[in-house]
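A quick write-up on the structure given underneath.
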């Protein structure tokens, strides 16, 4: 499951970066005035920043959820181990 999430994240990240590079190149080669080009680049940069923030927040949420599940499993294992130990020493 982890490997699948990791591969999906890499794919989405590559698509976002590729789209941003394509948009920037398209803008740079468009026959606009310099100020218009700068405005377009600024807008695309903002959009890319927003997309990256969303991805980071998504993966932080996934990490928090999975780390909580691992924590719960560790606590459960410790409690089971403690119970078994107390059972054998009693």
For the chain, modelled as a GNM with alpha-carbon contacts under 10 angstrom, which of 70, 62, 17 fluctuates the most? 70
Using alpha-carbon coordinates, inclination of helix 2-28 to the longest axis of the chain, degrees: 10
For the residue pair residue 64 and residue 29, what label-to-label distance in nm results when each label sits 7 Å from Cα along the Cα-to-beta-carbon direction? 4.3
What do you get for Rg/Rh of the chain when both radii come from the Cα atoms and Rh is the Kirkwood radius? 1.40
With r as the distance between the Cβ atoms of residue 12 and residue 77 and R0 = 30 Å, compute the FRET efficiency 1/(1 + (r/R0)^6) and round to 0.05. 0.35
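Since every read-out is calculated from the coordinates, none of them should be taken as a lab result. All figures in this text were calculated on a predicted structure; none of them were measured in a lab. Please note: Cβ atoms are built from the backbone with ideal geometry, for glycine as well, and neighbour counts cover all protein chains shown.
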